[in-house]
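Asks: Encoded as structure tokens, here's the structure I'll be asking about.
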Amino acid sequence: MGLSALSGAAPAGRVLAWWLPSEIRQERDQLPWRSPAVTPWGVLVSETMLAQTQVGRVAERYGPFMERFASPQVVAAEPLGALLRAWQGLGYPRRAANLHRSAAAIVAEHAGEVPSDLGSLLALPGVGRYTARAVRAFAFDAVTMPVDTNIGRVLARLAGRRLRESEAQSLGDALAAAHAPVQPEASGGRATALAFMDLGATLCLPSAPRCPECPLREVCSWGSRSLTAPGSRLSDPARGSARVSKSQPPFEGSDRQGRGRLLRAAAAAPFTAGDVAAAAGWPGDPERAAAAAASLVADGLLCFEDGSYRLP
């Protein structure tokens, strides 16, 4: 089935009809960032956290973080170090730095309100194509498809082939725009985006997908062939398709682990250059530890002054 034919096949209506009354929706609606009370800023924070951190860990940390940093104004008024301390355990601290810079831009350029248009969102530091569309869909109910790894996998299998970035986004947006609302609460883009995301997270899994339970089984190019040829080894079009995540190198023993240790040490107290190797967890490799510290300084995540490292 071609992409143009798919956009007219109303798969979004099928997904919404499955999702709206489902226990899956009820369970995942308990995630704190799905509350109707969450502000656009809260959506931006959650999407920044979720970009490279597991849902369970974000669910634990999101509430306390938002209590402390409830608005762009609060974040912009704090030093980056305060944000980095609160970010401990979430990984990839560049995201915290980008969130800090985004807060400053929102205050300076948008009167403290998260913008709703795509161009302004994309202009915020660290906000890419997915995050911008996620904010538009989840915070402003805009009819757009934020193509993450779950939705990207659904789209590739639905199309039956690997998709380029532009193809995946065009197909996702077309599906979101083509559906006829099955209930008033599904008239905008938020419900459609969440439904496709939950479909990918719970049924259209990376391995052992639950195709017989899928509302798209009759129109899915890959799934329908899999169901008619059980036991066959059909090539999965989601592998290598746009936005579908690939396995990451091990964290244990990586430079990322050393950088994280250095940030945790700095969050506790400044430390001297002579303590870098121990703080990084590499007491026998001071050159590697020094390189990790230097990279954090270059990224603006550590400061080195008067012979000591500290948070900015």
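The values are calculated or read from the model by the stated rules, or taken from the named source; none is laboratory data. No experiment lies behind these values; they were computed from the predicted model shown. Reconstructed Cβ throughout: ideal geometry from the backbone, glycine too, with neighbour counts over all protein chains shown.
Asks: With the condition kept exactly as written, say whether any residue in the range 103-117 is under 16 Å from the mean Cα position of the chain (by Cα) and not in a loop (DSSP other than H, G, I, E, B). So that I can check it myself, show each step before the final result.
Replies: Pass one, the range 103-117, residues under 16 Å from the mean Cα position of the chain (by Cα): none.
No, there is no match, as no residue in the range 103-117 is under 16 Å from the mean Cα position of the chain (by Cα) and not in a loop (DSSP other than H, G, I, E, B).
Asks: Please verify whether Arg153 is modelled with pLDDT of 90 or more and within 25 Å of Arg34 (Cβ to Cβ), treating the condition exactly as stated.
Replies: yes
Asks: Looking at Leu175, Leu118, Leu171, Leu90, which is the one that is over 27 Å from Ala266 (Cα atoms), without any contact (Cβ under 8 Å) to a residue 60 or more places away in the chain, out of contact with any Asp or Glu (no Cβ under 9 Å at 6 or more places or on another chain) and hydrophobic (A, V, I, L, M, F, W, C)?
Replies: The unique qualifying residue is Leu118.
Asks: Would you check if Asp299 is out of contact with any Lys or Arg (no Cβ under 9 Å at 6 or more places or on another chain), of a type outside the set (Ser, Thr, Tyr) and surrounded by fewer than 17 Cβ atoms within 10 Å (Cβ to Cβ)?
Replies: Numbers: out of contact with any Lys or Arg (no Cβ under 9 Å at 6 or more places or on another chain): no; of a type outside the set (Ser, Thr, Tyr): yes; surrounded by fewer than 17 Cβ atoms within 10 Å (Cβ to Cβ): yes.
Taking the combined requirement at face value, the residue does not satisfy it.
Asks: Something else about it: Does the range 209-229 contain any residue that is over 17 Å from Val15 (Cβ atoms), over 23 Å from the mean Cα position of the chain (by Cα), at pLDDT below 90 and of a type in the set (Val, Ile, Thr)?
Replies: Yes, because at least one residue in the range 209-229 is over 17 Å from Val15 (Cβ atoms), over 23 Å from the mean Cα position of the chain (by Cα), at pLDDT below 90 and of a type in the set (Val, Ile, Thr).
Asks: Going by the conditions given, is Val45 in contact with a Ser or Thr (Cβ under 8 Å, 6 or more places away or on another chain), over 10 Å from His100 (Cα atoms), aliphatic (A, V, I, L, M) and buried (at least 19 other Cβ atoms within 10 Å of the Cβ)?
Replies: No, not satisfied.
Asks: Just checking, how many residues over the range 42-83 are assigned to a helix (DSSP H, G or I), more than 15 Å from the chain's Cα centre (by Cα) and hydrophobic (A, V, I, L, M, F, W, C)?
Replies: Count: 8.
Asks: Restricting attention to the range 35-49, which residues are under 24 Å from Val244 (Cα atoms) and at pLDDT below 95?
Replies: None - no residue of the range 35-49 is under 24 Å from Val244 (Cα atoms) and at pLDDT below 95, so the list stays empty.
Asks: Taking the criterion of being under 22 Å from Ala86 (Cα atoms) and acidic (Asp, Glu), would at least one residue in the range 244-254 satisfy it?
Replies: No, because not a single residue in the range 244-254 is under 22 Å from Ala86 (Cα atoms) and acidic (Asp, Glu).
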